[in-house]
Amino acid sequence: LRVTLLEAGKQGGGLASGWKTPQGRPIEAGIHGFWRCYRNIDALVAELGLVGERSPFTDYCESSLFTTSGESVVAPVLGDSKLRL
């Protein structure tokens, strides 16, 4: 399998990658991850045989967002909730 990656920027990742301001402050462009609705990813890892103990994924977990004053928001694992909309 041959892959050619084309990237116009200095580093890979495009808008999903982080960067630093001219003052050196790290900037993160949002939350990155795979969610339960990404069935194409589930199908791909299954096709590659990356299931069970070979799975590249961890269990779902809460995510925290931080500001300069500390933790701001905790996003729960909604898929484990009994609430159905």
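Find the residue count for region 12-63, including only residues that are outside any loop (DSSP other than H, G, I, E, B) and more than 21 Å from residue 1 (Cβ to Cβ).
Keep residues of region 12-63 that are outside any loop (DSSP other than H, G, I, E, B), which gives 14-16, 19-20, 26-27, 39-47, 52-54, 63.
Filter again for more than 21 Å from residue 1 (Cβ to Cβ), leaving 14-16, 19-20, 26-27, 39, 52-53, 63.
Counting residues in region 12-63 that are outside any loop (DSSP other than H, G, I, E, B) and more than 21 Å from residue 1 (Cβ to Cβ) gives 11.
So which of 17, 55, 69 is surrounded by 10 or more Cβ atoms within 10 Å (Cβ to Cβ), modelled with pLDDT of 80 or more and not aliphatic (A, V, I, L, M)?
55
In region 29-37, is there at least one residue being over 25 Å from residue 66 (Cβ atoms) and at pLDDT 75 or above?
Narrowing region 29-37 to residues over 25 Å from residue 66 (Cβ atoms): 37.
Right, trim to at pLDDT 75 or above and you get 37.
The answer is yes, given that some residue of region 29-37 is over 25 Å from residue 66 (Cβ atoms) and at pLDDT 75 or above.
Among the numbered criteria (1) closer than 28 Å to residue 25 by Cβ; (2) loosely packed, with under 11 Cβ neighbours inside 10 Å, which one does residue 63 miss?
The number of the failed condition is (2).
Go through (1) out of contact with any Leu (no Cβ under 9 Å at 6 or more places or on another chain); (2) exposed (fewer than 11 other Cβ atoms within 10 Å of the Cβ); (3) closer than 28 Å to residue 78 by Cα for residue 23 and report which single condition fails.
Only one criterion is unmet by residue 23, namely (3).
Name the residues in region 76-85 that are open to solvent by less than 80 Å² (accessible area, probe 1.4 Å) and either modelled with pLDDT of 80 or more or assigned to a loop (DSSP other than H, G, I, E, B) (or both), would you?
Kept after step one, since they are open to solvent by less than 80 Å² (accessible area, probe 1.4 Å), are these residues of region 76-85: 76-77, 79, 81.
Those that are open to solvent by less than 80 Å² (accessible area, probe 1.4 Å) and either modelled with pLDDT of 80 or more or assigned to a loop (DSSP other than H, G, I, E, B) (or both): 76, 77, 81.
Return the only residue of 73, 77, 45 being of a type in the set (Val, Ile, Thr) and touching a Pro at 6+ places or on another chain (Cβ under 9 Å). Don't jump to the end; show me each part of the working.
Working: 73 fails: touching a Pro at 6+ places or on another chain (Cβ under 9 Å); 77 fails: touching a Pro at 6+ places or on another chain (Cβ under 9 Å).
Answer to the check: 45.
The values are calculated or read from the model by the stated rules, or taken from the named source; none is laboratory data. Note that the structure is a prediction, hence the values are computed from the model and not measured. Quick reminder, even Gly has a Cβ in these numbers, built from the backbone with ideal geometry, and neighbours come from all protein chains shown. Protein only, heavy atoms only, side chains kept; ligands, DNA and RNA dropped before computing areas. Shrake-Rupley method; radii C 1.70, N 1.55, O 1.52, S 1.80 Å.
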